[in-house]
Structures are given as C-alpha cells and as structure tokens.
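Step one of this worksheet: look at the structure below.
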Amino acid sequence: MIDAAPPPGSSAPSRSAPRTPPAQHPARPPDWHALPHEAVADHLDASPQGLSPAEAQARLQRHGANALPEPPGRHPLLRFLSQFNNALIYFLLAGALAALLLGHHVDAGVIVAVVLVNAIVGFVQEGKAEQALKAIGNMISPQASALRGNRRVSVAARDLVPGDLVILEAGDRVPADTRLVRARGMRIDESILTGESLAASKREDPAPRDAALGDRYSMAFSGTTVAAGQGAGIVVSTGRHTEIGRIGTLIAGVEPLATPLLRQIDAFAHRFTWAVLIAGAGLFLFAVAVRGYGWTEALMAVVALAVGVVPEGLPAVITITLAIGVRRMAARHAIIRRLPAVETLGATSIICSDKTGTLTRNEMTVRRLFLPASGPDTGEVEVSGAGYGPEGRLSWPAGSEAEGDPAAAAEALLRCGLLCNDAHLSASAGHWHAEGDPMEGALVALAMKAGIKPEVERARWVRRDEIPFDAAHRFMAVLAQGPHGTCIAFIKGAPEAVLAMCDAPDMARWDAAIESAARQGERVLGFAMMRFETAPARLTAEALTGPGASPGAIFLGLAGFIDPPRPEAVAAIAECRTAGIGVKMITGDHGATAKAIARQLGIAPNPAVITGAQVDDASDAALIAMARETAVFARTSPENKLRIVRALQSSGAVVAMTGDGVNDAPALRQADVGIAMGRKGTEAAKQAAEVVLVDDNFATIVAAVQEGRTVYDNIRKMIAWTLPTNGGEVLAVIIAILVGVALPVSPAQILWMNLLLSATLGLALAFEPTEPGVMRRPPRAADAGLMTPFMLWRVVLVSLLFMAVTFAMQALAFARGHDEAMARTIVVNTIVVMEIFYLFNVRFLHMTSVTWRGALGTPAVLMAIAAVTLGQVAFTYLPVLQWIFDTRPVGLVDGLIILGAGVALMGVLEGEKALLRRLRLFAAQDM
C-alpha cells in the first residue's frame, strides 16, 4: 500500500526497474477510479518512495512528455491562397479582368481590393482549432511536486510519467490525471471539466465503476485546482491521454462548419455565375448572328453587361455590415472573434447553454433555513437576496403562524455557520466576492443579512481548535471560546452526519425537510453545537462522535443553498420563446439541481432530465429525437455535449453553444456559433468560440441574436436593392439588343452607375437600425437561401419596373425632340433617382416605409444621397465628365419628369408591399 509521503532523506530503497512493464496508454484511460489504489500501484509498478530517476527517464522515453501535441499547421502561403478558393471570388476576379480589358481601371482596382480584403480577413481569423489546443496545453501545470528516488523534488510537469507519486496541496494545479492514495480534507475545483460550481470532495477509496466524471472522488484530473486540503496520488495518465488531452483530441477532430451566410453566398455565387455565363454566351451569338454586330464589338458589349450585372460591391458591403454588427455587439458586451458569427447568431434556432455562471450567478446563496419547530409553526425561514452581497433579509413564509424576529430565532444557526467557516467576503467595484469555499461565503452573507458583523462576531469567539472537513467523516467542526468563557464546538456538514451526533432529533421531520430542499435543487448543510464544561486540549472527531461523546450535540437546523438564476436570464429566455428560439440546458451538475433551475428560469414547467449516461447509451439516430425533445441534460461529459450539438444540427437546427470550461470547448467548436464566457471562462473555451461574452450573461446572447438578425436583414436589404437595380439596367440593354433598337444606356454609363451607387447607397444600408418586431419573428431555416420567394418576386418585379421606366423615358425623350446622347443622359438620371426612391422603400422590408421615421432616413442614408446627387450633377453638367460619358445638361422640365418617375416607382412598390401584407402571400421569415 502506498501511504503518506516519507520524509526527505529517508533511506528506503526505490525500485529501479519494474517487475513487469507498466501498462501502455490505451486510447481511453481504464477505470482507474474504480480500482483500489493498491491495485493501481501494482498495475503501474509504483512505489511508496517514488520512481528512481533512471526509471522515470525510461518511462518518459516510452510514454512521451506530459504535454499535448502541437497541432500541425499549414504553410502561411497555402493558408492565404486557400482564401481565394470560392466561386464568388472567381467570379469577382473574372469581373475585374473584364473591367481591365474594357479600360475601366478604377472598377478593376475596386474589385481586386475587395477580394484582397476578404482574403486577409479570412487568413487572420483562420486557425482557431490550433489556438484552442494551445490554450488547453497551457493549462497543464509547469511544475509539480513528486517523490523521485525517495526524495521530494520539484519536477517539470511535462516530465511526469505514469507511476510517479505526486504530492498535492491547496492552491496547486493538478499536473496529470492522478489516482489518489491519500486525501486529507481535499476538495478540488473541477468546474473546467464538469461545469459544477462547487469544489468536489476527494477520498482514497474506489469510486463506482459507472460514476460520471464529476463523481469520481478517487481521482484528481489534470488542469483542475486543489481548493482545500492536501494529499498524494499516483499518476495514471499524462499528455493527450488525460481527460483534458482527450478534450483536445475532440477539438482537433471537429471540422469547422461554414456559416449559413457563407453557405448561401457560395450557392448563390455558383448559380449566378452559370446564369451570367450562359446568358452572356447566348446574347453574344445573337448579336453577331442576328443583329450583325462585329464579334469584337459584341464581345466587349457582353463583357460590359456582365460586369454591370455582377454585384461587385456586395462582398465588401457585406463585410462592412458584419463589421458594423461587431461594433454594435461590442457595445452590448459581446465580443465577436470571427466576422460571419455576427450573422450566424441571427439564424440561431436553438441555444444550448451551460448552467453555472451563464444562466445562474455562480454565487451560492442560502435560500431557506429549517429551524427546530416550536408550537404550530414549521420552523421554516425564507432568505431573500442573491449572491454574496449582504442585501436581503430573513422572513417567515407567507401564511406562517410563527411570531417574532426570524433572525433572532435563527441566531444560533447563524453564529454556527459564521464561526465554523474559513471564508471571507470582500467588495470591489460594487460587487461582492467570496474568498474561500462558495457555501461558506454564502453563510457569511447570510449572517450579514441578519445584521451580524462577521469581523465583530469572530473577534468575540476565539477559535481554539478545529477539525477540517474530510470526506471520511463529512463534517467540519470548530472549538471556540466565547466572551464569558463558554466553550462550544460548532459543527456543520452533511445533514445525516450532523444529525447522527445529536440527541434524539425528530428524524422524520428533518428527512422531510431534506427531501423538500432536494426537490428544489438545493444543497443542504446541517448545523449543530456541543457545549463543554471544560475546554478540551484538542478537538477530535471521537470527542464528537465516539461512544463517550457527551452530553451530545444540539441540532440547530438546516440551510438550503442554491446558485440562483440570473433575473435577466429569465426575461431573456421568455424573449427567446417569443422569437421562436429553443433553449436547452447542458450542464455537468446534478439532475435535481438542473431541473429546479430550469423550472425557475422558465425553460420548461416540468422539464424531463436526460443524464450523460443515457446519452452514452443512445444511438445516433435515437439521440436526434432525444436532443430535439429534451430541455435539460445533466452530468454530461465533453463527448456528450459534442454529440448533443451534432444531433441538433443534423435535425436542421442552427445551434449556438455557450460554455466556460475546457469541457465545453469541443462543443463550442462544433456549434454553428460558439459563445464563451469572458470573466470566468477558460482560455481554451474562448479560443474555441466565435463570440466571447464580456459580462458572462445569458441576456447578452439574446441581445446578440437581435443584432445578428438586424445584420442579416441589412444584408438582405442590400441584395434586394442591388440585384433588381443592376438587373433593370442590364435587362434594358439586353432587350434593346434583342429587339434591335438604340441602347438606352452605354456600357460606360452602366459602369459609372455601379461605381457611384454601390459605394454610396448600397453602403448606407449597412447602417440601418433594427426594425420593430425583429424578435417576434421565427428564426429562418438553416437551409433557407438568400433568394427567398419574396426576394425572387421583388427582384423580378423591380427589374421589370426599372426596364419599363427606362424605355418609357427613352421614348419620351425622343418624342420631345432630344438626340440619343440627351436621351441616355435622361435615362441614367432617371435610373439613379429611382434607385434613391427604391432605397427608401427597401429600408423596411417588413413594414411600410411611408412614415416619419422612414422619410427622415438615417445619417448614413442622407450622406449617401448627398454624395450621389453631387456625383450626378457632375456627371450631367461637368464638361470633363460630359466628354467621357457623352452626356448633356438636363433642363428643368426634364428634371421634374425624372423626379416624378422616382415618386411613381415608390408609390407602386409601397402599394405592392401593402397588398402582400394583406394577402399574406409570403411567410414572415420570407419577407
């Protein structure tokens, strides 16, 4: 048996060579937690004196360093070139070449600049998986205390090997997965792996073989932190074979998903490219064969039209729109690490959220006290307030017949909780923090709510001795001497352990109280005190629990603790329901606690709870239905979370996943948008996520979803404005070629309009504010294309209207005696004016634009209109531009006719919008 660490310098021999080779690392560690530590020592040929330096070196050569492997990376040049492997990019480059062949160098330069900007952004943002793996690797402690050659030495954590005996003390980071052989009052913060808010108590005896990760009390896992106590253990797994290492392997195996927007743009680009190529080839053949154009003249005309119809400014404007969304979200405490995540948030249909710290405060709070009953009352006391702040009070429940001050009735329990306690509270920037165990911090806050000053009360009662909490006896006790010489042992711990010390407690009543608290998801502590006529020289567990313990302890009552829900999370979840977004809680905490919190948050009135073990047993097909129908998953492992997210995605959902621990990183990476906590999140979680919440607040996620929907609306508005206006221009030219009449606009004038309007009016739509009711619409389908039925209808309708007005204005100009150059000048100005009026119409896709808000526009819209107006004035009246584009000055009457055309278009489209709303021809998500 391996016992406590021997003193340095003792002469006990160490084994320089094992009797049998230690077990090699399997793909998944065996059930070390379920084996007696003597069997683990024998299996790994470990010694109470530690490995000899020679044996440690030999094992290091065999097993490798206790570090995660560096992820393979691509050459930076290949990473950069891969950014151009996209159909839309190919199309844009072809457009740039076409513009260059036509001699329009400015257009070519703009297109190339757009392509380069997009490539640079993608290059910089790529490589999140490598960053996440490095972040997890940094969580392995750089130094460790171990026995080597019968001496306690400090060794580099990367040099630890299976079979090493390591010593762990409060504050240490566990350097490798370790089977404990000794644990004295040891509690370890495992929240990065399990998500549980409380430190886990540890002991040496084997845990059940089927125990979940958070219930393996015989193990200390790499990367976790010893919160209290001390102990020793045998290293059983190192490097990538540890629990943290397995999570790193999961992250490396997760393929990054293309966001809905990127998938839609790619599909749109492919279809658009083929359509333009086929139409262009057909038009070229028709112009040469039927209309007698020279092949060079026909080719240049077709290329010019192709460049004109390509929305070359759209990628740049989309990038700018996403960047504006990033800025808006930052103002609402959500930091975006990857631009497309802005829009993906808007498509979210399910939010999978961790519980601790996201939906709850991650601050334990005493909710209820159960006192010894007197008379007709039940002895129950309610405690208001949340977190470690002293705001709140003690009160009798509504309908209680109890009289008097509840704080006075609970005074003995409050004093016991305050004195049998090592925690302290402090406030900074208006926020209270607990230094020490969270439940002990909650007891200090409870005393303060009752008007007790902790520093004064602790000064009045001098601590003489103590028994630290230990999993073996499951209680903590403090011997304190009061102001009048009174000597009392204050005891707190597991209710059944404390009740066993007391004289004839009413077990039926207390069992009912414990069961009531458990149904509410509360963790329960019992409190007692034992008076001593003469203070013992030393407080021992035997003095409290042994056969001679006398006169017996007095039971003071129970306290129910909970990590309370964030009030703003309740409102945010209600808003999610209105927006058609499902919320699922996936936590490493216990099922009863998760169910109670879910009920309080309003996730479901009586949610069913699925455990990680049930997820493990479910097939992939069964898990899809299970994930879709279940709102609460408890005691989940990293693999469970990853499978749940994948199951939801396979059912067509766009999944946002929140988390803060290393255990959340694979699921964050897999989700359509991963959301990490900024304050309490691990670096691994932040690197695996696209979004980081500065305030760790679920309500911020909902605000980010609203901003994401706004961004997507604005992108759709830009498409709804760009495609039909471009289409109307080009359609008019195509019809003119087919019919054999004079071109209403020249190719150079088309390029002028695209250059002027894309950089002004199109960009103005990126700054549009959120439309009313955006969070009352259901999320769009994950496979919904950019061109919804409504968008197709609008593109066709507006293109035809633009074409009709173009020919009408050309005919009117000829009827008024104008020449071809003058007619084209009038047509160009008419198209520009119509695009301005159409901009006002498209600013509100879901409501009328004829409102005071719609008429005022935004600063961006007004600035864009001013720039377009100046440009068109120069185009029409500036001699140098008249020479370049063959334009003529427009008179007052023609100018009024042009303005009237814009007003008429606005009226027709507003009428169409009202008619569609009345007839409800398109669903809300298609508008």
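The values are calculated or read from the model by the stated rules, or taken from the named source; none is laboratory data. Everything numeric here is computed off the predicted structure, so don't read it as measured data. Glycine gets a Cβ as well: all are built from the backbone with ideal geometry, and neighbour counts include every protein chain shown.
Below are the figures for this structure:
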item: Search result, residues across the range 362-389 that are of a type outside the set (A, V, I, L, M), modelled with pLDDT under 90 and buried (at least 20 other Cβ atoms within 10 Å of the Cβ); result: ASN362, GLU363, GLY379, GLY387
item: Some residue of the range 467-485 being of a type in the set (D, E, K, R) and in a helix (DSSP H, G or I); result: no
item: Given (1) under 28 Å from PRO567 (Cβ atoms); (2) within 16 Å of the chain's Cα centre (by Cα), index of the condition GLU343 fails; result: (1)
item: Hey, ARG464 within 45 Å of the chain's Cα centre (by Cα) and charged (D, E, K, R) or not; result: no
item: Conditions (1) assigned to a loop (DSSP other than H, G, I, E, B); (2) of a type in the set (A, V, I, L, M); (3) over 25 Å from ARG709 (Cα atoms); number of the one not met by MET847; result: (3)
item: Test for ILE167: is it surrounded by 19 or more Cβ atoms within 10 Å (Cβ to Cβ), part of a strand (DSSP E or B), touching a residue at least 12 places away in the same chain (Cβ under 8 Å) and among the β-branched types (Val, Ile, Thr); result: no
item: Helices (runs of 4 or more DSSP H) contained in the range 360-455 and holding at least 1 residues of a type in the set (Asp, Glu) and in the same structural domain as LYS492 (by TED's automatic domain parsing); result: 411-419, 438-449
item: Which listed residue is of a type outside the set (Phe, Trp, Tyr), touching a Pro at 6+ places or on another chain (Cβ under 9 Å) and at pLDDT below 85, from ALA667, ALA688; result: ALA688
item: Within the range 739-749, tally of residues that are part of a helix (DSSP H, G or I) and at pLDDT 80 or above; result: 2
item: Flag for GLU542 being surrounded by fewer than 21 Cβ atoms within 10 Å (Cβ to Cβ), in a helix (DSSP H, G or I) and in contact (Cβ under 8 Å) with a residue 40 or more places away in the chain; result: no
item: Residue match in the range 787-810 (condition: closer than 30 Å to VAL326 by Cα, part of a loop (DSSP other than H, G, I, E, B), assigned by TED's automatic domain parsing to the domain that holds ALA742 and at pLDDT below 90); result: yes
item: Residue in the range 722-731 that is under 25 Å from PRO779 (Cβ atoms), assigned to a helix (DSSP H, G or I) and of a type in the set (Gly, Ala, Ser) present; result: no
item: Meets criteria (on the phi > 0 side of the Ramachandran plot and either outside any loop (DSSP other than H, G, I, E, B) or touching a residue at least 40 places away in the same chain (Cβ under 8 Å) (or both)) for GLY560; result: no
item: Evaluation of ALA497 against (1) of a type outside the set (Phe, Trp, Tyr); (2) closer than 20 Å to GLU363 by Cα; (3) free of Cβ contacts under 8 Å to residues at least 60 places away in the same chain; (4) in a helix (DSSP H, G or I) (one fails), failing number; result: (2)
item: Filtered residues of the range 620-639 (kept if of a type in the set (Lys, Arg) and assigned to a helix (DSSP H, G or I)); result: ARG628
item: Residue in the range 334-347 that is of a type in the set (A, V, I, L, M, F, W, C) and either modelled with pLDDT under 75 or assigned by TED's automatic domain parsing to the domain that holds HIS433 (or both) present; result: yes
item: Filter result for the condition that a residue is assigned to a helix (DSSP H, G or I), touching a residue at least 60 places away in the same chain (Cβ under 8 Å) and touching a Leu at 6+ places or on another chain (Cβ under 9 Å), over ALA914, ALA874, ALA860, ALA901; result: ALA860
item: Qualifying residue in the range 777-784 (condition: assigned by TED's automatic domain parsing to the domain that holds PHE844, assigned to a helix (DSSP H, G or I) and either surrounded by fewer than 23 Cβ atoms within 10 Å (Cβ to Cβ) or touching a Cys at 6+ places or on another chain (Cβ under 9 Å) (or both)); result: no
item: Selection count, the range 611-630, where residues are in contact (Cβ under 8 Å) with a residue 12 or more places away in the chain and either touching a helix residue (DSSP H, G or I) at 6+ places or on another chain (Cβ under 6 Å) or hydroxyl-bearing (Ser, Thr, Tyr) (or both); result: 7
item: Residue check for ALA408: closer than 30 Å to ALA207 by Cβ and free of Cβ contacts under 8 Å to residues at least 60 places away in the same chain; result: no
item: Filter result for the condition that a residue is of a type in the set (Lys, Arg), surrounded by fewer than 16 Cβ atoms within 10 Å (Cβ to Cβ) and at pLDDT 70 or above, over ARG271, ARG246, ARG240; result: ARG271
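For every residue, the table says whether it meets (1) farther than 21 Å from LEU881 by Cβ; (2) crowded, with 24+ Cβ neighbours inside 10 Å.
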site	(1), (2)
GLY727	yes, no
ILE734	yes, no
VAL741	yes, no
PRO744	no, yes
ILE750	no, no
LEU757	no, yes
ALA764	yes, yes
THR770	yes, no
VAL774	yes, no
